[in-house]
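Asks: Pasting in a structure now, in structure tokens, and then I'll have a few things to ask.
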Amino acid sequence: MSVTDPQVTVIVLNWNKWERTIDCLESLDGLDYPNFEVVVVDNGSEDGSQACIEAARPDLTLLQTGTNLGYAGGNNVGIEYALKRAADYVWVLNNDTLAESDSLTELIAVAEADPLAGIVGSAVVNSLPQERKTEVAATAYLWKGERMIGLADATLRHGGQEGGQPVEGLAGTSMLLRAAALAELGGFDERYFHYFEDVDLCERFRRAGWQIRYAHAACVWHEISASMNYQSPQARYYYIRNWLLFSRWSRKLGIPSLLIRDPVLCLGRITGVRWLARLRWRVAAAGMLGAFDAVRGRHGRRDLLHRSFTAD
């Protein structure tokens, strides 16, 4: 290890998915970067995750939140730990991912090349390595009005800039965060609980003058929807509510303003037209409930326990 290699804390958040977490941890054993520590944060799991992970990996630090704090709150526990340990960077990595051996090295190379790089994201393949798929997800995006326009890996790879392409936002699947920026601006906004906390973090960093960069040479494999089915009523609720909360808090736009600026987007999302067309009534209803809660300013955790939502 060189004295110039920055210290990295890798945070892997677990919630009732200890098998996937252990697989992710095993992939991290193969990283060729010389100066990192792995921390598992268990988000109040009820499936015996803590005991299973501790039995399998007694060499790692496991932090227990005691209750489900959501993606934002759970990762913030790890971020706080990392900052107290004087880490230079924090790599927030989904537990349903497998990291390529050079992924952290490539992320650090991009971050170190630009002292204003506050967040660096990796390429993400939405499949497992054994499935032999190579299509890279659009984990980076630009804003066009109120729409997030995903950028294909091929577009970024051939953008003419070596190292890391500047973008306006990154998905939270794999994000390298500079500790200095976290100390200045804080971690994820826990009002979102699940979804849009990564969007909000990128927006806050960018407005404060930090750069957001995409490192196409860094790659992780991702088992999509492993933590929460994106097509479930619960996911739909959080997505619609948090999209509207983000628009209000970060972009100063309420529903009336969104209707004026982009009525197709606003009405389509809130009413869940495509879900209604597929007769997925509960998914559409959950989205409308999310819009109602956003208007009321309700945030944080809300479990849709009523059978009208959970039976879909």
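The values are calculated or read from the model by the stated rules, or taken from the named source; none is laboratory data. Keep in mind that this is a model prediction, so the values were computed, not measured. Please note: Cβ atoms are built from the backbone with ideal geometry, for glycine as well, and neighbour counts cover all protein chains shown. Just so you know, the surface numbers come from the protein's heavy atoms only, side chains and all, with ligands and any DNA or RNA stripped out. Shrake-Rupley method; radii C 1.70, N 1.55, O 1.52, S 1.80 Å.
Asks: So how compact is the chain: Cα radius of gyration and Dmax in angstrom?
Replies: 19.2, 59
Asks: Rounded to a whole number of µm²/s, how large is the Stokes-Einstein D of the range 45-97 at 37 °C and 0.692 mPa s, given Rh as the Kirkwood radius over C-alpha pairs?
Replies: 264
Asks: Could you state the angle between the C-alpha long axis of helix 281-296 and the longest principal axis of the C-alpha atoms of the chain, as a value from 0 to 90 degrees rounded to the nearest 10?
Replies: Around 80 degrees separate the two axes.
Asks: Further question on the same structure: Per residue, how large is the accessible surface of the chain? Use a 1.4 angstrom probe and give square angstrom. Numbers along the way, then the final one.
Replies: On the way: 13920 Å² over 312 residues.
With all protein chains present, the chain gives 45 Å² per residue.
Asks: Here's another thing I want to ask about it. Measure of size requested: the Rg and Dmax of the range 17-69, with Cα atoms as the atom set and Å as the unit; please supply both.
Replies: Over the range 17-69's Cα set, Rg and Dmax evaluate to 11.5, 34 Å.
Asks: Ordering MET148, MET175 by accessible area with a probe of 1.4 Å, largest first, what comes out?
Replies: MET148, MET175
Asks: About the Cα centre of the range 193-267, how large is the charge dipole given +1 on each Lys and Arg Cβ and -1 on each Asp and Glu Cβ? Please answer in debye to the nearest 20.
Replies: In debye, rounded to 20, the range 193-267 gives about 360.
Asks: Separate question: Under a Cβ-only charge scheme (Lys and Arg +1, Asp and Glu -1), can you give me the dipole magnitude of the chain about the Cα centre, in debye to the nearest 20?
Replies: The calculation lands at about 2060 debye.
Asks: In a shell of Cβ-Cβ distance under 14 Å around MET148, excluding MET148 itself, what net charge do Lys and Arg (+1) and Asp and Glu (-1) give? Intermediate values should be presented prior to the final figure.
Replies: Values: positive: LYS144, ARG147, ARG206, ARG251, ARG269; negative: GLU146, GLU168, ASP198, ASP200, GLU203, ASP262.
That sum, taken over residues with Cβ under 14 Å, equals -1.
Asks: Rounded to the nearest 20 Debye, what is the dipole magnitude of the range 22-109 about its Cα centre when Lys and Arg each give +1 and Asp and Glu each give -1 at the C-beta?
Replies: Using Cβ point charges on Lys, Arg, Asp and Glu, the range 22-109 gives about 420 debye.
Asks: Any idea which of GLY187, ASN242, ALA117 is furthest toward the positive side of the dipole for the chain, if Lys and Arg beta-carbons carry +1 and Asp and Glu beta-carbons -1?
Replies: In the chain, that residue is ASN242.
Asks: Can you give me the % of accessible surface on the chain that is carbon or sulfur? Probe 1.4 Å, all protein chains present, nothing else counted.
Replies: Whole-percent figure for carbon plus sulfur exposure: 54.
Asks: In addition: Give me the Kirkwood hydrodynamic radius of the range 12-138 in Å, from all C-alpha pairs, to one decimal place?
Replies: Evaluated on the range 12-138, it is 15.5 Å.
Asks: Pairs of alpha-carbon atoms within less than 8 angstrom and 6+ residues apart define the contacts here; what relative contact order does the chain have, in percent?
Replies: Details: 608 pairs, mean separation 55.3, N = 312.
Result for the chain is 18 percent.
Asks: Sort 47-56, 284-293 for me by packing, meaning the mean count of neighbouring Cβ atoms within 10 Å per residue, highest on top.
Replies: 284-293, 47-56
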